[in-house]
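Novice: The following block contains the structure, expressed as structure tokens.
The values are calculated or read from the model by the stated rules, or taken from the named source; none is laboratory data. Just so it is clear, the structure is predicted and the values come from calculations on it, not from any experiment. No Cβ is skipped: glycine too gets one built from the backbone with ideal geometry, and neighbour counts run over all protein chains shown. Only protein heavy atoms, including side chains, enter the accessible area calculation; ligands, DNA and RNA are left aside. Shrake-Rupley method; radii C 1.70, N 1.55, O 1.52, S 1.80 Å.
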Amino acid sequence: MSHDRSAGSVPRPPALVTGAGRGLGAAIALALAADGHAVAVNDLPDSPGAAGVVDAVRAAGGSAVLAPGDVTTPDGVRAVVSAAEDGLGSVGVLVPCATGPQPEVPVDRMTWDDLLLPLRFFTLSPLLLVQAVLPGMREASGGRVVMVGSDLAQRTDVGWSAYSGAKAAQLALVRTWARELAPDGVTVNAVAPGWIPVERHAGTPPELLEAYTARVPLGRMGTPADVAAAVVWLASAGASFVTGEQVTVNGGHGLT
Ligand SMILES: NC(=O)c1ccc[n+]([C@@H]2O[C@H](COP(=O)([O-])OP(=O)(O)OC[C@H]3O[C@@H](n4cnc5c(N)ncnc54)[C@H](O)[C@@H]3O)[C@@H](O)[C@H]2O)c1
């Protein structure tokens, strides 16, 4: 019988993290690098933070390249994946994490464009990215796709139906692609954070944070490191028999 008990000694494949110039993507890129993955750091070309994430990985002794580009367009994704693969070799771990603005729009004012915006980030972009990295994963006889979803795929929040709907669609893609890509040795999973304060939440009134925390059974706000740890695990050898799953990282918020 052969069981892999040596996850710690397995070489880590290169990882591509989108939207990694700040927020959760930056934390995920840094955590994957700390776990031994070479990391391609994607963000928009004018991102003020992406180069700093590359520098931080290198300063810590890791390996990283910048892979700038818009991950919601075919040309952008081609450029991003080329930069990653030219710099590091085939992408073995793909983490679609980029997001655009997330407008709060109630149903009576919603337009088709409001519905499409989050779908571009959470379904179109992962589709383009998976298609671009799949040949390399197939050649390597395996790979990992870890999408950053949201607990709002299953919870609800008034005004957030466009976002929730796109995250629910993303989860459906995860589950179906997991079956379609299993014969290639590619696992497809999602990490679903609750509200995790990042740079863009600076200035949130403390009473809002307190009200949210009061509804979290574990009694605190989540951190980017909490989310990154789940991504690192799903990318690791220890998770090789896990596919089509969503790991919710929200301290139990919404459990009934
Ligand atoms: N922070 C939270 O509370 C939270 C909760 C649940 C889920 N999420 C999910 O986590 C992911 C990251 O969220 P975040 O809070 O870190 O957001 P963020 O706004 O801090 O970071 C998103 C990054 O994506 C980049 N980006 C925007 N458009 C891009 C494009 N077209 N191509 C490449 N990069 C682009 C931005 O420049 C930015 O650096 C998203 O999928 C979001 O839905 C976040």
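Novice: Whose amide H sits under 5 Å from the amide H of Gln246, counting only residues 5 or more places off or on another chain, with H placed in the peptide plane?
Specialist: HN-HN under 5 Å from Gln246: Ala190.
Novice: Of the options Val146, Pro45, Thr111, report the single residue whose Cα projects farthest towards the positive end of the charge dipole of the range 41-182 (beta-carbon charges: Lys, Arg +1; Asp, Glu -1).
Specialist: Among Val146, Pro45, Thr111, the one farthest towards the positive end of the dipole of the range 41-182 is Val146.
Novice: Under a point-charge model restricted to the Cβ atoms of Lys and Arg (+1) and Asp and Glu (-1), what is the dipole moment magnitude of the range 93-233 relative to its Cα centre, in debye to the nearest 20?
Specialist: Here the range 93-233 has a charge dipole of around 320 debye.
Novice: I would also like to ask the following. Kindly provide the helix-only [θ] at 222 nm of the chain, computed as the sum of -39,500 (n - 2.57) over DSSP H runs of four or more divided by all residues, to the nearest 500 deg cm²/dmol?
Specialist: -12500 deg cm²/dmol, from helical runs alone.
Novice: Let me ask another. For the range 10-249, take N as its residue count and report Rg(C-alpha) divided by 2.2 N^0.38 Å.
Specialist: It is 0.97.
Novice: Here's a follow-up. What accessible area, in Å² to the nearest ten, does a 1.4 Å probe give for Val191?
Specialist: Per-residue accessible area (Val191): approximately 0 Å².
Novice: How large is the accessible surface per residue of the range 10-249, computed with a 1.4 Å probe and reported in Å² as a whole number?
Specialist: Roughly 46 Å² per residue, with all protein chains present.
Novice: In square nanometres, what is the average projected area of the Cα convex hull of the range 189-256?
Specialist: For the range 189-256, averaging the hull's shadow over all directions gives 5.3 nm².
Novice: Set Lys and Arg Cβ to +1 and Asp and Glu Cβ to -1, take the dipole of the chain about its Cα centre, and tell me which of Ala178, Ser82, Trp160 lies farthest positive.
Specialist: Towards the positive end, the residue furthest out is Ala178.
Novice: I would also like to ask the following. Keeping all protein chains in place and using 1.4 angstrom, which order do Asp55, Asp70 fall into by accessible surface area, from largest down?
Specialist: Descending order: Asp55, Asp70.
Novice: Another question, if that's okay. When the chain is modelled as a GNM with alpha-carbon springs shorter than 10 Å, which of Arg22, Arg58, Arg109 fluctuates the most?
Specialist: Top of the fluctuation ranking is Arg109.
Novice: Using 0.36 nm times the number of residues separating Ser63 and Arg215, minus their current alpha carbon distance, what extension gain do you get?
Specialist: 50.7 nm
Novice: Using heavy-atom solvent-accessible surface (probe 1.4 Å) with all chains present, what is the largest-first order of Leu181, Leu88, Leu218?
Specialist: Leu218, Leu88, Leu181
Novice: Hey, another quick one. Which percent of the accessible area of the chain is formed by carbon and sulfur heavy atoms (probe 1.4 angstrom)?
Specialist: The value for the chain is 57 percent carbon and sulfur by accessible area.
Novice: In whole Hz, what ³J(HN,Hα) sequence does the range 106-121 give by Karplus (6.51, -1.76, 1.60; θ = phi - 60°), x for Gly and Pro?
Specialist: Karplus-based 3J(HN,Hα) across the range 106-121 equals x, 4, 6, 10, 6, 10, 4, 5, 4, 6, 6, 3, x, 5, 4, 7 Hz.
Novice: Assign unit charges at the C-beta atoms only (+1 for Lys and Arg, -1 for Asp and Glu), then state the dipole size of the chain relative to its Cα centre in Debye, rounded to the nearest 20.
Specialist: 500
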